[in-house]
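Reviewing the structure listed below.
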Number of protein chains: 2
Amino acid sequence: MLRRTVPATIRLGLQRSALYRLPPQTYARLSLTRYPTVRTYAATNTSTEAPPLFRRFRTFARYTFYLAGSTLVGCFVLTGAIFLHDAFTYQERNVDRVPVAPRALAPERGGPKNLPIVSRLLSDYEDEENRALSDKPHLVIVGGGWGAVGVIDKLNPGEYHVTVISPETYTTFTPLLPSAAVGTVSIRSLVEPLRKILARVHGHLINARAVDLVMSERLVEVETVVPAGTQPTRMYIPYDKVIIAVGSTSSTHGVPGLEHCYQLKTVGDAQAIRKRVIDNFEAASLPTTSPEERKRLLSFVVCGGGPTGVETAAEIYDLCQEDIFNYFPKICRKDISIHVIQSREHILNTYSEAISKYAEDKFLHDHIDLVTSARVASVEPDKVVYTKKTADGKVETHEIPTNFVLWSTGIAMNPFSKRVSDLLPNQVHKKAIEVDAHLRVKGAPLGTVYAIGDASTIETSIVSYLLELVDEADKNKDGKIDFEEWEIMVSRIKKRIPMAEGQLQKVRELFDLYDSDADNSLNLNELAVLLQEIGHKITALPATAQVASQQGKYLGKKLSKVAERSPVLQANGIGPEGADEFVAQPFRYFHLGSLAYIGNAAVFDLGRFSFMGGLAAMYAWRSVYWSEQVSMRTRALLMIDWVVRGIWGRDLSRL
Amino acid sequence: MLRRTVPATIRLGLQRSALYRLPPQTYARLSLTRYPTVRTYAATNTSTEAPPLFRRFRTFARYTFYLAGSTLVGCFVLTGAIFLHDAFTYQERNVDRVPVAPRALAPERGGPKNLPIVSRLLSDYEDEENRALSDKPHLVIVGGGWGAVGVIDKLNPGEYHVTVISPETYTTFTPLLPSAAVGTVSIRSLVEPLRKILARVHGHLINARAVDLVMSERLVEVETVVPAGTQPTRMYIPYDKVIIAVGSTSSTHGVPGLEHCYQLKTVGDAQAIRKRVIDNFEAASLPTTSPEERKRLLSFVVCGGGPTGVETAAEIYDLCQEDIFNYFPKICRKDISIHVIQSREHILNTYSEAISKYAEDKFLHDHIDLVTSARVASVEPDKVVYTKKTADGKVETHEIPTNFVLWSTGIAMNPFSKRVSDLLPNQVHKKAIEVDAHLRVKGAPLGTVYAIGDASTIETSIVSYLLELVDEADKNKDGKIDFEEWEIMVSRIKKRIPMAEGQLQKVRELFDLYDSDADNSLNLNELAVLLQEIGHKITALPATAQVASQQGKYLGKKLSKVAERSPVLQANGIGPEGADEFVAQPFRYFHLGSLAYIGNAAVFDLGRFSFMGGLAAMYAWRSVYWSEQVSMRTRALLMIDWVVRGIWGRDLSRL
C-alpha cells in the first residue's frame, strides 16, 4: 500500500458527509493515524498481494457502490426540492373587484338573426394587458386541433385579440389515440387544455360549436356547449380575421350501418373503444357464453388500411399478447381474431412499397387477417359484410361476425365546413373547403377568412389563372407565349401554386410537348391544355396532423407579420386583400416523413429512405411523437405511461 | 498543499471514468507528476492562502457538483435499466391447445328458475394449479370493494376456488374519490383491476351483478354485465361459502328530487362530477351568461357534513383557488360560492370536538358557507331548498340556486342486500344485513353465508342470548346468577360480542345496579333488563373503508384457517356451522383513527389524540393514504399525480 496522508478536504466543513466518498485506502490511513489498534486489520485488507483481477473487480464494485450512494443522495435532494416547490403551490388568492366591460355584461343584438353580438368578452378589461388587446384586430379560430394550436404557437403575443371557438376544452395529440384506445398510454397524457395553450397570447376560449358564418358582417354564429339541463344559446362572435380549423369527419362511402362502428378521432372515441374491448373480453370469459358467441366477441374488425387502422389493429394485438394473456382464461386468447379490411391492394398504400410489404409480413406473422382489395358492403350489429372480386372477376360476398368495428377510411366535411362551402358558389370540392396557396378561402373576402388542416384543400387548378398569367408573362403583348415568356410564366406559377413545382421541372420539354403546331410559341389553346393537364397531375396534400400543423404555423407567422407591418401596409395603401402577398410567400409543405406503429415494430417513410424494424424502430417512433408534444406536462406523462406499461402492463380497468 | 501521490485506484481499470470523482488536489498532483509545465498554475490555484470561508464554500460547491454529476450518471444508469427491462416486456406467446372442462362449455341447468348452474369455469382446467383448485371448496365473493379485497388479501393460495362477482372489473380506492373529482389525482391512479388482485389466489372474476341468493341449494343468481347491444343472461354460481360485500347506496331520507344530485361512490361518479364542474365554469365564462345565471352555475352545494362532503367541498375550493384562477375570467373566481348543508350542529360530527371546530374555522376563513342544523327539503333542477329552525323555534325555508348538488348523507341497502335481508325473517335492521360477531348472516345456514363492510351490521342485541348465557354461567343450576357466575357470564358475553366490552367494564357496579331486589343475585327478569340496556348502549361500527377492510382481512384469515384445519375439524365431527368458533375469535375492530382533508390542511382523530394543521398535516394525510394503496402501481401513479399537480396544476380537461 502506498503511503499517503489524510486529504485536506476531510478536515474541512464537510468532513462527515464527505467521508463515505473517499477511497477505502483513506479510511485505512485515517485508522493508522487515529486508532493505531486497527493497524493490522487495515494493513491486511488493503494488501497489495490481492490478485489484480480481484482488485479490479473490487474497484469496480466500490465505484458502483459510490455511484448508487450518490444517486440515492441526489434523488433525496431532488425529492426534497420537489416537496419544497410543492409546498409553495398551495396559495391563497383573493379577488375583490374585477373591471368588466359593460358591453360584455349586456351585448347588443344584431346580425341576420338578431342574436347577441359578443364584441367584448368577460375578461377583456380585467387587467391592463387584456384591455390593450381588446382594441387590436379580433382573430377568431374555429376549432382546437393541430391547425389551431399551430397558429397560436406562432402568433406574437400582443398583436391580436385571439378567441378560440371549440366544443372541446382541450387539444388532443391524435396520433397516439390508437395507443390510448387499448390503455398503453393514458388518455390524459394526450390532452392539453386550450386555456393553458392560449395563456401565452392572452387568448380566450368560447366553449361552443360554430354553426354559421356571416361574411358580409364578419360574424361567426355559435351555439354554446352547456351542462346537461341547461339550454344552449346562440350568439355571434365578430371577427376581423377568422381561421377555419374544424377538422373533418369520417367518410361514409355510402356504406349502410356505420352507426354500429367506432371512429377514432377524439379521446371520447378512444374511451369508448377501450370500454368495448374490455367489455368483449369480460363477456367472452363468462361461462354461459357459447363458443360461437365467444369467437364473435373476440373478433376485432378494422375497416381501412391507413395508419390509424393499422396502428389500432397492432395495438389490439399487443394488448392481447402482453396483457390479456395473463389475466383472462386462456381459451379467450385462443379465440381472438383481428381483421383489417382494405379497399386497395395493400395496406399503408401511401407509404413506400417496402414499408407496405414489411407491415403486411409482420401482420401475416402475427396472424392478423388482412383482407385487401375488398369493399365493405354493410355493417350490421353483429357482423361486417364485405365483397371481394375473385381471380375470374366474380364478386363474392363474405361475412365476419364481430362485436367491434372500427371505421377509419377517408375524410368528409363536418357540418360547419359544409355550411361555409355551401355559402360560396365557387366552392366545388366535395371533401373540404378550397383555399388558395395563401390558405385564404376561395370566394370569401380576401384576407379575412382562412381554412387549414383537414377542413381545407389547396386548389390545384392553374388553368383558372390562365388569362392573368398570360397578361403578366406576355411581354411583347402578341397574345402568344414564346419560350422566354414561358420561363417567366413558370416562375409565376411556381410562386402562386408551390405545389405545382414538381410538375414544372422540365421547362423546355413541356414547352415543346404542348407546342402542337410547332411554331415555337404557345397560343391560348395550347396553354389551356398544358395548364389543365398539369393541374390534374398535382396531388392534394394528405389529411394529416403534419400538414395541419405546418399550415397553422405558417398562418400564425404570417398573421403576426401582417400585424407587425401594418404601418407599412397602410402607408402603401394595401388593405387586407393584398396583405398576405405583401408579407409572405404562399404556403409550402415540407414533408418530414410518415411513420406508423405496427405492433412492437415501426416503419418510417422519410421520402427517399424507408426505415423499418422491431424494437429499436418502435423506440424511435415513440421518441418522434414524444418530441412533438405540445407541453412538457404531456411529455412527462407520456414517458411515465410508457414506463408504467413496461413495469405493470397496460391499464385493464374498464373506465 | 499537502504532498501526496496519485491514488492507486486511478491507475486501475476505471481510470478515466473515475477521474472526475477525485478531489481536485489529485488533479494538481497528477499534473505535477506528468506535466511539469502546469506546476505553477496548480500551485497557485490550490494555495492554502485562500480565506477559510472561501475554501469552505469552494469545497461545498465542489461536492455539490460531484453529487449532481453522480446523480445524473446514476439516473442514466437507471434509465438504461428501465429501457432494458422494457425491451424484454414485448413478448410473443402462443396458445395451441387449452383444456376446458366439458361442464364449463355446457353447464347443466337447475335451481328454482332452471338457469345454467356454473359449477366449472372456463379456466378451471387450463393448467395443473387451476385443476387442483377446482375441487376445493368454492368461495364466492359478491362485490369488489374494500371488504372483498381484504378477504382476497389474506386468503392462503390453494385452499379455495375463489370467484368474485362484481359489475365493475376493478376495485377503487374510495377515500380519494373527492380528489379525483376535481382532477387533483387521476382516476386511473385509484383503480386496480380485480383480475390482477385475484391472480395470487388463482381466483376468477365474473363480471355480473348478483340478484338473488338460493340458500337451500347454495346458489347465487347473477345477471351478466355485457357490452351494449348484447343481451344480458342470468345464471347460478354455486358456492360452499359466500361473502356478501356489495357495499351500500346513499340514503335518500325521503327527500324528493335526488335524481338531480351527484353521489360520490364510484369512479363513474367522480368522472361525472369533474365534467359538471368544468362544464359549469365554461358556461359561466360565456359572454351571454347573465350575472344571476353565472352565480348559479358557480354555486356548489354539498348535502352532508361527513368526511366525503367536507373533502369534496375542500377540493372544489382548492381547484378554484389554485387553478381556475389562472385560466378563467377573474369575474368567475369572484362569483364562486361553496355551501355545505349539515343536519347536525357541527360538521365532521363523528370526529373529536376540537377537529370539528378546526374544520369549521378553516371553512369560515375560506368563505365556505356552512349551513348547520338544517334539513334539505327538496332538490330541484336549478336549486336546493332547505329548512332551518330559528332561535324562536319557527321553521324557515331557504333556497340556494345551484347547478351542482352532491348528496352524501348516510347509507342504505342496495338491491341485493335488500333481497337477502327480505329472505330471512329474523333480519329486522333497515340499513344493512345483520350478522353475528363472526360476521355470519343471521338466520342463514351457519358457516355458509357471510356479510362484511357497509352491507352488514354486527348485531348488538345480547338479550337474545339470555337463556343460553344463563345456561352456561349458572353453575349451581339455581336459575339465578350470583356475582361469581356473573363474572363468568361477562367473560362469555365479551367473547361472543366483543363490541359490548366497553359497556362491561364495571362488573361489580353493573351487578349491584341491576340487582333491584338486593338479594345479591340476578334473576332472569333483572338479567333481561340489564342485557337489553347494555345492548342499546353499544354503538354500531361506522360504514367506513377501515371497518370493511378489517372485516375482510379477518374473514380471509379465518377461512384460510378453516381450510387448513379441516382434517382436525373432520376428526372432531365439526361441520361448517361450528367451524368458525373452533378456529377463531369473533371479529374485533381496532379503530386506527379517522382523517379528513379540509383544503390544504388535514385533521386526524386518533382516538385519544387529535392532530390537525396545515401543509404538514396534509402531507401526513397523503402519506397515510399512500401507504394503504392496494398495489405498488397505484402507489407510483398517485405519487406522480401529486408531483404533476405541484408542477403543472390540476388537470382542467373535461373528460
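The values are calculated or read from the model by the stated rules, or taken from the named source; none is laboratory data. This structure is a prediction, so every number in the text was calculated from the model and none was measured. Virtual Cβ from ideal backbone geometry, glycine too; neighbours counted across all protein chains shown.
A few notes on this one:
- Hey, B:SER549 over 19 Å from B:ALA451 (Cα atoms), among the polar types (S, T, N, Q) and either within 14 Å of chain A (Cβ to nearest Cβ) or in contact (Cβ under 8 Å) with a residue 24 or more places away in the chain (or both) or not: no
- Only a single criterion out of (1) farther than 26 Å from B:GLU259 by Cα; (2) touching a helix residue (DSSP H, G or I) at 6+ places or on another chain (Cβ under 9 Å); (3) of a type in the set (A, V, I, L, M, F, W, C) is not satisfied by B:LEU348, namely (1).
- Tally of residues being within 8 Å of chain A (Cβ to nearest Cβ), assigned to a loop (DSSP other than H, G, I, E, B) and touching a residue at least 40 places away in the same chain (Cβ under 8 Å) across the range B:60-113: 1
- Only residues that are surrounded by 22 or more Cβ atoms within 10 Å (Cβ to Cβ), on the phi < 0 side of the Ramachandran plot and in contact with a strand residue (DSSP E or B) (Cβ under 8 Å, 6 or more places away or on another chain) were counted across the range B:286-307, and they come to 11.
- So B:ALA636, is it at pLDDT 85 or above and surrounded by fewer than 20 Cβ atoms within 10 Å (Cβ to Cβ): yes
- Test: residue in the range B:242-265 that is within 14 Å of chain A (Cβ to nearest Cβ) and over 30 Å from B:THR387 (Cβ atoms): no
- Going through (1) free of Cβ contacts under 8 Å to residues at least 60 places away in the same chain; (2) within 14 Å of chain B (Cβ to nearest Cβ) one by one, A:ILE278 falls short only on (1).
- Picking from residues in the range A:234-283 that are among the aromatic types (Phe, Trp, Tyr) and more than 30 Å from A:PRO137 (Cβ to Cβ), the one that is farthest from the chain's Cα centre (by Cα) is A:PHE281.
- Take the conditions (1) under 28 Å from A:GLU322 (Cβ atoms); (2) more than 12 Å from chain A (Cβ to nearest Cβ); (3) modelled with pLDDT of 90 or more; B:GLU129 misses just one of them, which is (3).
- The condition (being under 30 Å from B:SER594 (Cβ atoms), exposed (fewer than 14 other Cβ atoms within 10 Å of the Cβ) and not assigned by TED's automatic domain parsing to the domain that holds B:GLY306) is satisfied by just one residue among B:LYS506, B:LYS475: B:LYS506.
- B:GLY268 being more than 21 Å from B:SER119 (Cα to Cα) and assigned to a helix (DSSP H, G or I): yes
- Long-range neighbours under 7 Å by Cβ, at least six apart or interchain, first residue free of Cβ contacts under 8 Å to residues at least 24 places away in the same chain and more than 17 Å from B:ILE187 (Cβ to Cβ) within the range A:632-655, second in a helix (DSSP H, G or I) and of a type in the set (D, E, K, R): A:GLY646/B:ASP86
Residue-by-condition table, conditions (1) part of a helix (DSSP H, G or I); (2) closer than 20 Å to B:SER356 by Cβ; (3) not hydrophobic (A, V, I, L, M, F, W, C):
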| residue | (1), (2), (3) |
| --- | --- |
| B:GLU526 | yes, no, yes |
| B:GLN532 | yes, no, yes |
| B:GLY573 | no, no, yes |
| B:GLY578 | yes, no, yes |
| B:TYR589 | no, no, yes |
| B:PHE604 | no, yes, no |
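- The lone criterion from (1) surrounded by fewer than 16 Cβ atoms within 10 Å (Cβ to Cβ); (2) within 18 Å of the chain's Cα centre (by Cα); (3) assigned to a helix (DSSP H, G or I); (4) modelled with pLDDT of 85 or more left unmet by B:LEU555 is number (1).
- Meets criteria (at pLDDT below 85 and either surrounded by 15 or more Cβ atoms within 10 Å (Cβ to Cβ) or basic (Lys, Arg) (or both)) for A:SER70: yes
- Inter-residue pairs, beta-carbon under 8 Å, first within 7 Å of another protein chain (Cβ to nearest Cβ) and in the range B:312-337, second β-branched (Val, Ile, Thr) and in a helix (DSSP H, G or I), 6+ apart: B:ARG333/B:ILE324
- The set of residues in the range A:271-286 that are of a type in the set (A, V, I, L, M, F, W, C), out of contact with any Pro (no Cβ under 7 Å at 6 or more places or on another chain) and in a helix (DSSP H, G or I) comprises A:ALA272, A:ILE273, A:VAL277, A:ILE278, A:PHE281, A:ALA284.
- Candidates B:VAL395, B:VAL340 - the one that is more than 11 Å from every other protein chain (Cβ to nearest Cβ) and in contact (Cβ under 8 Å) with a residue 12 or more places away in the chain: B:VAL340
- Yes/no for B:PRO116 being facing chain A (nearest Cβ under 10 Å) and in a strand (DSSP E or B): yes
- Enumeration of residues in the range A:171-204 that are free of Cβ contacts under 8 Å to residues at least 60 places away in the same chain, surrounded by fewer than 23 Cβ atoms within 10 Å (Cβ to Cβ) and either facing another protein chain (nearest Cβ under 10 Å) or out of contact with any strand residue (DSSP E or B) (no Cβ under 7 Å at 6 or more places or on another chain) (or both): A:LEU198, A:ALA199, A:ARG200
- Any chance B:ALA616 is free of Cβ contacts under 8 Å to residues at least 60 places away in the same chain and either more than 8 Å from chain A (Cβ to nearest Cβ) or surrounded by 20 or more Cβ atoms within 10 Å (Cβ to Cβ) (or both): yes
- Residue that is nearest to the other protein chains (Cβ to nearest Cβ) [pool: residues in the range B:210-237 that are outside any loop (DSSP other than H, G, I, E, B) and surrounded by fewer than 20 Cβ atoms within 10 Å (Cβ to Cβ)]: B:ARG234
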